[in-house]
Structures are given as structure tokens and as C-alpha cells.
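Undergrad: Pasting a structure below so you can have a look.
The values are calculated or read from the model by the stated rules, or taken from the named source; none is laboratory data. Here the structure is a predicted model, which is why all the values come from computation and not from measurement. Positions of Cβ are backbone-derived with ideal geometry, glycine not excepted, and every protein chain shown enters the neighbour counts. Side chains are part of the model used for accessible areas, which takes the heavy atoms of the whole protein and leaves out ligands, DNA and RNA. Shrake-Rupley method; radii C 1.70, N 1.55, O 1.52, S 1.80 Å.
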Amino acid sequence: MQHPDFDEFKKCFRAAQYSQALTLVDRLIASFPQSAALQWHRLNCLEKLERYAEVPSNLDLVLQRLPDYAAALIKRVEYADWYLDQQAPLHADDDHEDKRVSVAVANARANRVAVQRTLELRNIADLRRILNRGDTSAESVTLNAKEQGQACFLLANALRYRETEEGGDGISDDDLAEARSLLDQAILLCPQQVDYRLARADDARSRAWVDATDQIEPADTSADIVRTFSGMCFKRSALEAAVVDYRYCWEQEKVPGHAMKLANILHDLGRYDEALRIYDEALAQMPEDAPHREYFIEKRKLSENNGAGEREHMAQLILGSLDDAGKDRNLQDSMAAQAMIAAAEAIRHGASVSDALATHISDDPDTMQAMNIARQILSIANEPKPELVEVDVSDYPKYQQKHCQRAEKAASQVGLIKIADAEAMGLFNMLGQHVMLRLFRDESGEIGLASFTMKPKWPGLLGFLLMFFSGKWKQHQMIECVTMFDDGAMITTQPHSISPFEYGGKIIQNKLAANVKLADLFIAHQASVATYLQQNPQVQSKCVLDLAGVEARWIAGQEAKSAYRKSINYVSDAELKTMLGVHYDRFAEKIREQLRLMTAYS
């Protein structure tokens, strides 16, 4: 157009003086009201001025005069939401959080859905027409590569997100297949368009998900299925495809959201080092006060140590449910706590959350009981470090105080020296109650003696199981002498107890009469130590004089006992028979099966 006002309009528009440009183009339209080109220029001014609500009416004027103008048809698709709000606005009283709605609100919603479907059908028809899809009789619309790529992208979105009839089956497989083909075509035409790549990556990620309860198709081999620690399943090939596009988007735009999506998928694929690199790249360009920086740091921790960070995070979430301010637990709570602790430990060793919980929780009473017994057997082989802390005797129940007072009186009579009153804080979750130990040593520190008592209301001490099945319910008391040697051997001497466990190898276990006096037990232990040293003259006993030494000796004993338990697959048949008695046939095989499942990831 040759006109002074038009020349001035172009100068203003190029100079970003959009208000002046709009004034000039309005003056031109008054002189040339049938000009579609001027209406298109007016539309561009409105967009620059962010007066988006006025764009649809201008688009309609353009398309009345140029019904096949591809840019205008594409623009009308992009403004579909504005058309919807103008043709079917939300009711003024519509509150989407309130399920109880008036008739007027319900009618407005229904009308909006109907209008949305009509607009979607119009958009799909327009896009198919300009792409020459479906209707071969339609007049051809000339498109450049950019417009064709944009039309493919918009049609793909229209097919993927179209409103379906209520109660219908959702988007058809044919529409989804066509949409994916269109996305691929859009990227071929405009390979540097990040929006298109991002849409394809999002689609690949969404179709990667596999319902773990569904039957996996034969073509989807186990190698193509990724199972995360949270128990979710994905198709590996779809995740790998998403990685390619997300990586391109991140490298081109450096948007933190792209980095997060990329790193998450790399983590799920087990490519932890790559995930860490992406997190580090994102954090390096992120301001220290960025609101999402802390979230990135927390997510990064999950990929550390070859994915162990996620396992630890999941385990801690489960263990967080045990926070009961250190109060003694009743039997039911203790059994639940043991199940959660065992599940958390399985997760730390690589089990998925679903597998870990399924291994330790069951609706079947016999299976649940077998699980409880198996956990207690495993707790003997995997006892946590004691974490001994000196305590005030007045903080503990009277029955524990009286027992330790009697033990101290007897110990002093044979020359034993008190080391401390202590509690093994590391064992609280296993025991389910606070237990005070009174610890002694002989003059040289070669022999240690521990005395404690506890009520069997918790499932931590495995001897409880025999009491449970036999109907016995007594306070359990224990005095035990122990000596460790520099060859790894260990001698322990204790009264015969309800515990069914026996030891061999480097562990010499002496069991005396249940009512043996402390003095007699100490003398018997001295004799056993002397015999071992006589038979092994090159060996020396280890001396312990303080609480730190007791901790170290306890841990060494745990390691020796753990090695022996594992060497016999945790429990012998004789021990199971002693433990279960008349219930052996009912529970033995179930317990062995649970042991197998629970140790699968150890």
C-alpha cells in the first residue's frame, strides 16, 4: 500500500511505538474498510499492546475477507481459549472447589463444554484443510516451512487434548498415533523449535508409564522395562527418546524446568552420573537466592552414590513414621515398627518400595506371623550398633533398678568392678523399650559382665517367640560374661534362657543352669577362658576398661555372630523346632520362605 500514513505506521511499528502505530492503522482502516491486510496489521498491534481480548474479532474480519489465509487460520487456533471465554464465559458464581452448584452454574458449565467441543472441531478442520489432510477436494493452501511446522504442531495438540464426550473412552489410539506423527513432522520442518521438542519429550515421558498391575506385552521384554525404587514401571525406549529431546531443550534454552525433567529421567534410567552433571549445570547458572534452588539440591541428593540417595530418602520417609519421642511401645506398635524398619533396610539394599512393603506386610495372619518371626531371626544377624550412652538409673523402671542392684551386690563379692549404667540407644527400635544395662569388668579387663532385665511385651528379643507360642509370659533377666580374643574368637557364658539360638565356629557359647548364681557363672567363664588360652598359647585376650571399649567389643561380637548366622542361612532346623515346638509344621516352611524373600536384596 502506498500511503503516507502507512509509511509512518511501518516506522512506528519497527520502532516499537505500538500505540502510535495502532492509531495510524485505525485511520487507514477508516479510509480502506475492506482491507484485510490493514485488519491483520491492526491485530499485530493489539498483540504487541497485550490487548488479547480484542484479537478474535479482528481475526474474524481478516478471515471474512481472506478465508484461506494460513497465518490467520493458525492464529485463530492459537486464540481458541479467548474465543471460548467470549462465547461461553464462566458463571460469576462458579467456584470449582465447591461440588454443590446451582442450576445456572451447571448450565453454564455444560454450555462451555459444548462450545469448547465446537471450537476444537473447527480448529481441527481448519488445520487439516491447510495441511491438505483428509479432504482431498479442499482448495490447497500454500504454506511456508515455518507455517507448515506450526500447523502440524497445533493439530497434534488439538488431537491430543481434545474434549471427549462424557463417559467416552477418551482420545482414540488413531488420534494419538496421528498426533505423534504430526509432532515428528513439525520437528523435521522446524528442527530448532524448542516448543515442539518439549511437547514430544513430554509425550514420550507420559507414554513411557506402564501399569505394573497390567500384563506386559510379549514385545516389551524385561530389558525394556525400567522399575524405579518407588515401584513405578516405564518403557525404557520411551524414556530414552524423551532424554534426547529434553537434552536438546536444556542445551538450547537453559530453562531449569528442562534440566529437572532431563535429570529425573536420567535418574530413573539408572544414569546417575549424567543426572548429577545436569543438576550441577543447572545449579551453576542459578542465583543463590533462586526460590527453586533448594529443591534442585534436594533432588540432586537422590542421585548421589549411584542412586543410594533415593534409597536412603525412601527409607527415611518410612522410618519417619516411627517418631514416637522415644516412648516405650506396646506389642502391636513394636511389631509394626519392626516391619517398617525391615522394609526400610530392604530399600537401602536395593528393593523397590512396593517389594519391600510386600515382603514385610501381609493380610494373611499366618504369613504375617511368619514375617514377624523371620524379621526377628534376621535382627540377630543384623543387629544395629549399640550406641552405648551412660544413663541415670533413676530414669528407669523400679524392676530394672532392683535387678541391677542385686547383680552389683553379687558382682562386688567376686571382685568385679562397675564400669557404668548405660543404655544401648541404637537398639531401641528393635527392642521397643528402654533397657538399662549395668556393666562390669574384672581387674584386668579381660572379662566383661552385663546385667539387665526386660519385660517381654515387645518382639525385639527373639526368645519372646517361644514364650508367645508356649503361652509363657515372664520377665526376662540376663547376666552374661564375655571375652574376646585377638584371633577373632569369642567366649560367652550365660544362664540357660528362652533363646533357642546356638553358635559355633569362632563363638564358644556356654549355657549354664537357668538359676545359676552370678559368682558361679563368673567362675565357669574364667575356667573357659583359661582353657582356651592354654589350648591356643599364641592367642591373647582383649582387655576392656571403659564404656568405649565395651562398645567396640559389643560390635566385634555382633560381627562374629552375624557371620555365623549367615553361614547357616540364619537359622538351623533344630533352632526352628525349639522355637516353634508344636507349631513347627505350621510355620517352619513359611518362615524359611520369608527369610529367602527378605534377604533377596542383601
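Undergrad: At a 1.4 Å probe radius, carbon and sulfur cover how many percent of the accessible area of region 1-118?
TA: 51 percent
Undergrad: Express the Stokes-Einstein translational diffusion coefficient of region 1-80 in µm² s⁻¹, to the nearest whole number, given a Kirkwood radius over alpha-carbon pairs, 4 °C and a viscosity of 1.567 mPa s.
TA: 102 µm²/s
Undergrad: If you don't mind, another one. Region 66-134: which trypsin sites (Lys or Arg not before Pro) are DSSP loop and have at most 15 other beta-carbon atoms within 10 angstrom?
TA: Counting only loop positions with at most 15 other Cβ atoms within 10 Å, the trypsin sites (Lys or Arg not before Pro) in region 66-134 are LYS99, ARG100.
Undergrad: Hey, how much of the P(r) for region 74-117 falls beyond 18 Å, as a percent of Cα pairs? It would help to have the intermediate numbers written out before the result.
TA: Details: 305 of 946 pairs.
Considering region 74-117, 32 percent of its Cα-Cα pairs are separated by more than 18 Å.
Undergrad: Also, I was wondering about something else. Determine the sum of side-chain charges near GLN150: Lys and Arg each +1, Asp and Glu each -1, restricted to other residues whose C-beta is under 13 angstrom from that of GLN150.
TA: So the environment of GLN150 carries a net charge of -1.
Undergrad: Equivalent ellipsoid semi-axes for region 1-160, as square roots of 5 times the alpha carbon gyration tensor eigenvalues: give them largest first, rounded to whole Å.
TA: 32, 23, 13
Undergrad: Among LYS402/LYS561; LYS398/LYS455; LYS409/LYS511; LYS561/LYS590; LYS506/LYS566; LYS385/LYS517, which pairs are too far apart, with a Cα-Cα distance over 19 Å?
TA: Over 19 Å Cα-Cα: LYS402/LYS561; LYS409/LYS511; LYS561/LYS590; LYS385/LYS517.
Undergrad: Continuing with the same structure: What does the charge count around SER451 come to, taking other residues whose C-beta lies under 14 Å from its C-beta (Lys +1, Arg +1, Asp -1, Glu -1)?
TA: Net charge around SER451: +3.
Undergrad: Net charge near MET232, counting Lys/Arg +1 and Asp/Glu -1 over other residues with Cβ under 10 Å of its Cβ? Spell out each step's value before the answer.
TA: Numbers: positive: ARG227; negative: ASP211, ASP268.
Net charge around MET232: -1.
Undergrad: Along Cα→Cβ, 7 Å out, is where each label goes; now give me the distance between the ones at GLN538 and LYS455 in nm to one decimal.
TA: 5.3 nm
Undergrad: Over the Cα atoms of region 546-588, what radius of gyration and what Dmax do you get, in Å?
TA: Looking at region 546-588, its Cα Rg and Dmax stand at 15.3, 47 Å.
Undergrad: Hey, can you find the accessible area per residue of region 343-444 for me, probe 1.4 Å, expressed in square angstrom? Please report the intermediate quantities before stating the final value.
TA: Numbers: 4370 Å² over 102 residues.
Solvent-accessible surface per residue comes out at 43 Å².
Undergrad: So what are the radius of gyration and Dmax for the Cα set of region 474-546, in Å?
TA: Cα only, region 474-546: 12.9, 44 Å (Rg, Dmax).
Undergrad: Okay, next question. Using 0.36 nm times the number of residues separating ARG293 and LYS511, minus their current alpha carbon distance, what extension gain do you get?
TA: Stretched fully, the ARG293-LYS511 segment lengthens by 72.5 nm.
Undergrad: Using only the alpha-carbon atoms, what does region 341-404 span along each of its principal axes? Please give whole angstrom values in decreasing order.
TA: Sorted largest first, the three principal extents are 44, 27, 19 Å.
Undergrad: Mind checking which lysines have their C-alpha under 18 Å from LYS75, skipping anything on the same chain fewer than 8 residues away?
TA: Hits, sequence-local ones excluded: LYS48, LYS146.
Undergrad: Under the definition of Cα pairs under 8 Å and six or more residues apart, what whole-number percent is the relative contact order of the chain?
TA: Value for the chain: 8 percent.
Undergrad: Follow-up question, since we're still on this one. Please calculate how many Å² of accessible area region 244-301 carries per residue, with a 1.4 Å probe and no DNA, RNA or ligand atoms counted. Show your work: numbers first, answer last.
TA: Numbers: 2930 Å² over 58 residues.
On a per-residue basis, 51 Å².
Undergrad: Given the Cα-Cα distance of LEU49 and ALA30 and 0.36 nm per residue of separation, how much length would full extension add, in nm? Spell out each step's value before the answer.
TA: Working: separation 19, 0.36 × 19 = 6.84 nm, distance 2.06 nm.
Gain on extension, LEU49 to ALA30, equals 4.8 nm.
Undergrad: What number comes out for accessible area per residue over region 1-160 if the probe is 1.4 Å? Units Å², please.
TA: Value returned for region 1-160: 56 Å² of accessible area per residue.
Undergrad: Mind grabbing the base-10 log of I(q)/I(0) for the chain at q = 0.06, 0.08, 0.10, 0.11 Å⁻¹? Debye formula, identical points on the C-alpha positions, no solvent, two decimal places.
TA: Listed by q, the Debye log ratios stand at -0.57, -0.78, -1.00, -1.12.
Undergrad: May I pose another question? Give the carbon-plus-sulfur fraction of the accessible surface of region 357-431 in %, rounded to a whole number; probe 1.4 Å, heavy atoms of protein chains only.
TA: Values: 1770 of 3510 Å².
Looking at region 357-431 in its full context, I get 50 percent from C and S.
Undergrad: For region 9-125, give the magnitude of the charge dipole about the Cα centre (Cβ charges: +1 Lys/Arg, -1 Asp/Glu; no others), in debye to the nearest 20.
TA: It works out to roughly 580 debye.
Undergrad: Label SER206 and ASP273 with points 7 Å out from Cα along Cα→Cβ: what is the distance between them in nm?
TA: 3.5 nm
Undergrad: Let me ask something additional. Please report, as a whole percent, how much of the solvent-accessible surface of region 248-310 comes from carbon and sulfur atoms (probe radius 1.4 Å). Please report the intermediate quantities before stating the final value.
TA: Values: 1500 of 3170 Å².
Roughly 47 percent, rounded to a whole number.
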